[in-house]
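The values are calculated or read from the model by the stated rules, or taken from the named source; none is laboratory data. The shown structure was predicted, so the numbers you read here are calculated from the model rather than taken from an experiment. Please note: Cβ atoms are built from the backbone with ideal geometry, for glycine as well, and neighbour counts cover all protein chains shown. Each accessible area value is taken on the protein alone, full model and side chains, heavy atoms only, with ligands, DNA and RNA left out. Shrake-Rupley method; radii C 1.70, N 1.55, O 1.52, S 1.80 Å.
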Amino acid sequence: MSGHRATTAKCRLAILLGLSWIIFSLVGPARAEVVNFKELLPFVDLKIPGWTMEGKPSGTTLKQGKVMVSEARVSFRAGDQTLEVIIMDFLGKTIPFLTGQHLEMESSEETVRTTEVQGFKAFETFRHQERQGELNISVADRFWVKIDGDGIDNLEVLKNAVQQMDLKKLAALAQ
C-alpha cells in the first residue's frame, strides 16, 4: 500500500473509531455483532448511469471492547462531479437527527429537510453556493446510508443513486 493510501486508511480508521465512541456514548451498550463489511460491499457496488466508479468498493469492521462498527464505501465521478456512497452499521443506534419531528429549513445558503427514501427515514441537505449535497438514510433503525455529492446542481443525482440500492434487502441484514 502506498504511503498516501496507508495514511488515508489510518485516518479513516481513526475517524471511524472516534465517531463510534461518540455514538456509543450517547446510546448505551450493544447487544449483538455488527454485520461484517464484506456483507455490506454488494450494497455499494452500484451501476449509476453516467457515473464511473473510482477504484473498488472498500470497507472496515472495527471491534474494540464494546465498540463495534462496520462501514462500506465507494466513490464515483462524472466530469467535475463526485459522489461517495457509505453504509455504516452501528448496531441499531439511531441517527440523532432522524428521531424527531418533520424538519424543513430553507435559506439562501442551504436547504435541509427530513423525508423518506424507499420507506425509510431520511435527512437531506443541499448547500447551494458550494453545489454540495448529502442524503442520510436510517435503514431498519440500524444502518446509516450516506450519499455525498460535490459539484452537483441539485439532490436529484443523490436520489437517483439511492434508487440503485436495495434498501429493503439491506434492512433484512438487521435481523
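Here are the numbers for the structure shown:
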| item | result |
| --- | --- |
| Single residue of Lys169, Lys121 found to be among the basic types (Lys, Arg), part of a strand (DSSP E or B) and either free of Cβ contacts under 8 Å to residues at least 40 places away in the same chain or over 14 Å from Val85 (Cβ atoms) (or both) | Lys121 |
| Odd one out for Arg5, checked against (1) open to solvent by 90 Å² or more (accessible area, probe 1.4 Å); (2) modelled with pLDDT of 90 or more | (2) |
| Matching entry among Arg77, Arg73, Arg113 (being assigned to a strand (DSSP E or B), in contact with a His (Cβ under 9 Å, 6 or more places away or on another chain), open to solvent by 40 Å² or more (accessible area, probe 1.4 Å) and within 18 Å of Asn160 (Cα to Cα)) | Arg113 |
| Residues of region 121-145 satisfying the condition of being surrounded by fewer than 19 Cβ atoms within 10 Å (Cβ to Cβ) and farther than 17 Å from Glu110 by Cβ | Lys121, Ala140, Asp141 |
| Region 49-59, residues that are at pLDDT below 95 and either closer than 22 Å to Lys168 by Cα or surrounded by 12 or more Cβ atoms within 10 Å (Cβ to Cβ) (or both) | Pro49 |
| Unmet requirement for Val85, which otherwise passes all of (1) crowded, with 16+ Cβ neighbours inside 10 Å; (2) at pLDDT 95 or above; (3) more than 17 Å from Lys159 (Cα to Cα); (4) not basic (Lys, Arg) | (3) |
| Candidate set: region 60-70, residues that are under 18 Å from Leu170 (Cβ atoms) and aliphatic (A, V, I, L, M); chosen: the one most open to solvent (accessible area, probe 1.4 Å) | Met68 |
